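The values are calculated or read from the model by the stated rules, or taken from the named source; none is laboratory data. Bear in mind the structure is a predicted one, so any value in this text is a computation, not a measurement. Heavy atoms of the whole protein, side chains included, go into the accessibility calculation; ligands, DNA and RNA do not. Shrake-Rupley method; radii C 1.70, N 1.55, O 1.52, S 1.80 Å.
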Amino acid sequence: MSDTAQRNRPGTPANDPAGETAEQIKKTSVTKRGGGDPAGRGRTTIADGVVEKIAGLAARDVVGVHAMGSGLSRTFGAVRDRVPGGKSAVTRGVKAEVGEVQTALDLEIVVDYGVSIAQVARDVRENVISAVERMTGLEVVEVNIAVSDVKLPDEEDEEPESRLQ
């Protein structure tokens, strides 16, 4: 077939200035019809409890944090943990307020005796902010920390050990 015949045949790349066939043009327009980034279609909401769990676990990972929550909440929590279907202790001592793009956290901690409370608070803030922002995509606007107690070396834990093994 001559070059002239090839250029005049319908559906050949020579018919389109960009060098695409009619079929290629059709496929391109179909794939673009959805509009925009697929990840941006829809809305994601994150419950307060999700952020509380993430923050609670991140705070407990910090050296110098003995426990979360006040003495009374830890005592009730120990009982609640033993009841089948009871709420987990992960969120004890953590309160979150979650908006559409931001969150604020209040933590209540017990620190080990002998550690720098200011340093532990800094480390807790850093670890909690990092974990929450990485996992949720929310901006953490503040992390308020209340130190409710100091665990002395000779004190027994208020939470009795489980009899089950």
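Out of residues 5 or more away from Gly69 or on other chains, whose amide H comes under 5 Å of its own, with H placed 1.01 Å from N in the peptide plane? Residues meeting the amide H criterion: Glu108, Ile109, Val110.
Extension gain for Ala39 to Glu155 (0.36 nm times residue separation, less C-alpha to C-alpha distance): 36.6 nm.
Residues Arg134, Arg122, ordered by accessible area of protein heavy atoms at a 1.4 angstrom probe radius and largest first, appear as Arg134, Arg122. Taking every protein chain into account, the 1.4 Å probe leaves Val63 with about 130 Å² of accessible area, to the nearest ten.
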